[in-house]
2 protein chains.
Amino acid sequence: MTYEKVAVLGLGLIGSSLAHAMRRAGGMGHIAGYEPTAAVLERARAAGFADSLHDDLAACVEGADLVVLATPVGAFGGLARAMAPHLAPGATVSDVGSVKTAVLRDVGPHIPAGVHFVPAHPIAGTEQSGPEAGFAELFDGRWCILTPPDGADPDAVAKLGAFWERLGSKVDVMDAGHHDLVLAITSHVPHLIAYNIVGTADDLSAVTKSEVIKYSAGGFRDFTRIAASDPTMWRDVFLNNKDAVLEVLGRFSEDLSALQRAIRWGDGDALFTLFTRTRAIRRGIIDAGQDSAAPNFGRNKKDQ
Amino acid sequence: MTYEKVAVLGLGLIGSSLAHAMRRAGGMGHIAGYEPTAAVLERARAAGFADSLHDDLAACVEGADLVVLATPVGAFGGLARAMAPHLAPGATVSDVGSVKTAVLRDVGPHIPAGVHFVPAHPIAGTEQSGPEAGFAELFDGRWCILTPPDGADPDAVAKLGAFWERLGSKVDVMDAGHHDLVLAITSHVPHLIAYNIVGTADDLSAVTKSEVIKYSAGGFRDFTRIAASDPTMWRDVFLNNKDAVLEVLGRFSEDLSALQRAIRWGDGDALFTLFTRTRAIRRGIIDAGQDSAAPNFGRNKKDQ
């Protein structure tokens, strides 16, 4: 029970990793990649992870029993409209987008009768992007969340879940709205905060850019990794998960004001209590196999 | 030109790493460690990085030509007062504290005539703590900032700088106030933000703790590493660098409000512009050898 032809639309970090992971798993059917920009298509060809590459959307999705949208989410609606007439009956349309309510809204209306629609989000990535950035191990041990709309075909959902498990993922199913709130806290707001502190540092004229760089091992460098993530992808995430991001951001700012007040008034106990509580979450993440237990993420000792 | 006896007061991550790095360098004189808590002293003994270990401060500093304060900075004043009568003439007193104006304020007045005082701050660390956490390579390629007070003896400053270079560091000299502002942006505020977002996540009752942990690979896990740092040390940092931290935090919050507004009003261009600018800083840090260029900090592929 696997797919015979998988069309991957968008060949960046996630799209190319998906192809590499399918190749590693073996027996996963034909991998067709779509990318409209000639230069990027050429880079994908050089990276060599697809069985066929297309700058023509119809040719890519033709006969595919799984179509995966893997561009920035802002492009999903247009792609869905354009590919709809060419989808094979019985095919499943899915995606790898970091937001899910907006995907239901933008893609759902274009899905023809007789085609399944099962949005998905693999919680995995690096700060790198482009067709060269992908690798087969990206999804190993990470969670992939499926958010099927009401009335989705259970067999289509189960088949997509089994597909992700063969790529190394663990699979969860949840409501799109809950997904968007969970990801706002575990991914979107952390990215926003990282982008913001790096911007603030860059603007602080009393401290030179070279000082910010030289002394970044004090903690700042961790934030710059996240703040080096793909700008288009992240712009689209924030534009398409506005409500959950603003809700979590409101709570973050409230909590930060309380910390700011504790510092101003010298309330060491309040600081100590928070700083102790947060250690337990780190322990939980390591115990759950979601991060390295090595100091400094196991950066090479010479790079620590 | 090295020290004959180095007294290290406090045997946590930095104190123990200092001892390990001296051993690695070789020919660095006697290493005497001080730790008042019997259980911690025993752990230091088991770790085996010192030539002598003491729960008596006077015995530890007696005859030392370099004394390094390596406890949380809140304890510096008391230690300085207690050890002052036992310091050898011509000795240098230094430290490894993350704040420097407060160290001048708390330690300076206790330094006897004929004893040098050269505060220092190695910009290096991990999220781990305790006598077992230290390792010899911690300071390799990292910067150590010296902040000698006005009128400090140039030879004493040069000798301490040469000492840190032998431990693998690069050495800079700057004014304590400037140090505190630079570190507020490259270390203190990033830590505060990390502690804060982990606290906010822990409090958000609509998202369970197990969901926060499971889906942390979306970015959140990076923050939990920093938020697992030693609570006592960090409480003392914030209480002792109040002005610079509040100044930088004010700018951070201002910038975050602007981003929040851009999200609310769908200003994708503003988001894209910031997200593009921040990538350059990451590149600068990697080019300067201050972080790993590997994706996800080079976490083992299975841990990515």
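The values are calculated or read from the model by the stated rules, or taken from the named source; none is laboratory data. Quick caveat: nothing in here was measured; it's all calculated off a predicted structure. Note: ideal-geometry Cβ built from the backbone for every residue, glycine included; neighbour counts use all protein chains shown.
Evaluated against (1) in a helix (DSSP H, G or I); (2) touching a Lys or Arg at 6+ places or on another chain (Cβ under 9 Å); (3) of a type outside the set (Val, Ile, Thr), A:Leu256 falls short on exactly one condition, (2).
Among the residues in the stretch A:220-234, are any within 24 Å of B:Gly130 (Cβ to Cβ) and at the interface with another protein chain (Cβ under 7 Å from one of its Cβ atoms)? Walk me through how you get there before you give the answer.
Pass one, the stretch A:220-234, residues within 24 Å of B:Gly130 (Cβ to Cβ): A:221-222.
Still in the list and also at the interface with another protein chain (Cβ under 7 Å from one of its Cβ atoms): A:221-222.
Yes: the stretch A:220-234 contains one or more residues that are within 24 Å of B:Gly130 (Cβ to Cβ) and at the interface with another protein chain (Cβ under 7 Å from one of its Cβ atoms).
Of all residues assigned to the stretch A:15-35, none qualifies as being assigned to a loop (DSSP other than H, G, I, E, B), modelled with pLDDT of 95 or more and aliphatic (A, V, I, L, M). Among the residues of the stretch A:50-96, count how many are over 18 Å from A:Glu4 (Cβ atoms) and part of a loop (DSSP other than H, G, I, E, B). Residues flagged as over 18 Å from A:Glu4 (Cβ atoms) and part of a loop (DSSP other than H, G, I, E, B) within the stretch A:50-96 amount to 6. Could you tell me whether B:Asn241 is modelled with pLDDT under 95 and of a type outside the set (A, V, I, L, M, F, W, C)? When the stated conditions are applied, B:Asn241 does not pass them.
Yes/no per residue for (1) over 21 Å from the mean Cα position of the chain (by Cα); (2) in a loop (DSSP other than H, G, I, E, B):
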| position | (1), (2) |
| --- | --- |
| B:Thr200 | yes, no |
| B:Val207 | yes, yes |
| B:Val237 | no, no |
| B:Arg261 | yes, no |
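For the stretch A:243-253, the condition of being touching a residue at least 12 places away in the same chain (Cβ under 8 Å), under 26 Å from B:Asp269 (Cβ atoms), in contact with a Ser or Thr (Cβ under 6 Å, 6 or more places away or on another chain) and within 7 Å of chain B (Cβ to nearest Cβ) holds for at least one residue.
To keep it simple, each residue is scored yes or no on (1) in the same structural domain as B:Ala21 (by TED's automatic domain parsing); (2) in contact (Cβ under 8 Å) with a residue 40 or more places away in the chain; (3) closer than 21 Å to B:Ala244 by Cβ; (4) not aromatic (Phe, Trp, Tyr).
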site: B:Arg81; (1), (2), (3), (4): yes, no, no, yes
site: B:Leu87; (1), (2), (3), (4): yes, no, no, yes
site: B:Gly90; (1), (2), (3), (4): yes, no, no, yes
site: B:Pro112; (1), (2), (3), (4): yes, no, no, yes
site: B:Pro122; (1), (2), (3), (4): yes, yes, yes, yes
site: B:Thr126; (1), (2), (3), (4): yes, yes, no, yes
site: B:Ala133; (1), (2), (3), (4): yes, yes, no, yes
site: B:Gly161; (1), (2), (3), (4): yes, no, no, yes
site: B:Glu165; (1), (2), (3), (4): yes, no, no, yes
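Of all residues in the stretch B:22-62, which are within 13 Å of B:Met83 (Cα to Cα) and either outside the structural domain of B:His116 (by TED's automatic domain parsing) or exposed (fewer than 15 other Cβ atoms within 10 Å of the Cβ) (or both)? Across the stretch B:22-62, the qualifying residues are B:Asp55, B:Asp56, B:Ala58, B:Ala59.
Among the numbered conditions (1) modelled with pLDDT under 95; (2) at the interface with chain A (Cβ under 7 Å from one of its Cβ atoms); (3) assigned to a helix (DSSP H, G or I); (4) more than 24 Å from A:Ser205 (Cα to Cα), the only one that B:Arg279 does not meet is (4). If you go through the stretch A:103-129 and pick out every residue that is in a helix (DSSP H, G or I) and either β-branched (Val, Ile, Thr) or under 15 Å from A:Ile14 (Cα atoms) (or both), you end up with 2.
Screening B:His188 with (1) at the interface with chain A (Cβ under 7 Å from one of its Cβ atoms); (2) under 18 Å from A:Phe252 (Cα atoms) gives one miss only, at (1).
Any residue in the stretch A:129-144 that is at the interface with chain B (Cβ under 10 Å from one of its Cβ atoms), within 27 Å of A:Arg221 (Cβ to Cβ), surrounded by fewer than 20 Cβ atoms within 10 Å (Cβ to Cβ) and among the charged types (D, E, K, R)? Looking for residues that are at the interface with chain B (Cβ under 10 Å from one of its Cβ atoms), within 27 Å of A:Arg221 (Cβ to Cβ), surrounded by fewer than 20 Cβ atoms within 10 Å (Cβ to Cβ) and among the charged types (D, E, K, R), one finds at least one in the stretch A:129-144, hence yes. Just one of (1) farther than 15 Å from A:His188 by Cα; (2) among the hydrophobic types (A, V, I, L, M, F, W, C); (3) touching a Leu at 6+ places or on another chain (Cβ under 9 Å); (4) in contact (Cβ under 8 Å) with a residue 40 or more places away in the chain trips up B:Ile226, so point out which. If we test B:Ile226 against (1) farther than 15 Å from A:His188 by Cα; (2) among the hydrophobic types (A, V, I, L, M, F, W, C); (3) touching a Leu at 6+ places or on another chain (Cβ under 9 Å); (4) in contact (Cβ under 8 Å) with a residue 40 or more places away in the chain, just (3) comes out false.
Taken over the stretch B:263-276, the residue count meeting the criterion of being more than 7 Å from every other protein chain (Cβ to nearest Cβ) and part of a helix (DSSP H, G or I) is 3. Of all the numbered requirements in (1) over 17 Å from the mean Cα position of the chain (by Cα); (2) without any contact (Cβ under 8 Å) to a residue 60 or more places away in the chain; (3) surrounded by fewer than 22 Cβ atoms within 10 Å (Cβ to Cβ), B:Pro148 misses one, and that requirement is (3).
Filtering the stretch B:209-219 to residues that are out of contact with any Lys or Arg (no Cβ under 8 Å at 6 or more places or on another chain) and either part of a helix (DSSP H, G or I) or more than 7 Å from chain A (Cβ to nearest Cβ) (or both) leaves B:Lys209, B:Ser210, B:Glu211, B:Val212, B:Ile213, B:Lys214, B:Ser216, B:Gly218.
Criterion applied to B:Gly298, B:Gly268 was being crowded, with 17+ Cβ neighbours inside 10 Å and of a type outside the set (Val, Ile, Thr), and the one residue passing it is B:Gly298. No other residue among A:Asp222, A:Asp172 is touching a Pro at 6+ places or on another chain (Cβ under 9 Å) and under 16 Å from B:Gly218 (Cβ atoms) apart from A:Asp222. If only residues of the stretch A:282-302 that are under 18 Å from A:Ala217 (Cα atoms) and modelled with pLDDT of 90 or more are counted, the one that is farthest from the other protein chains (Cβ to nearest Cβ) is A:Ala294.
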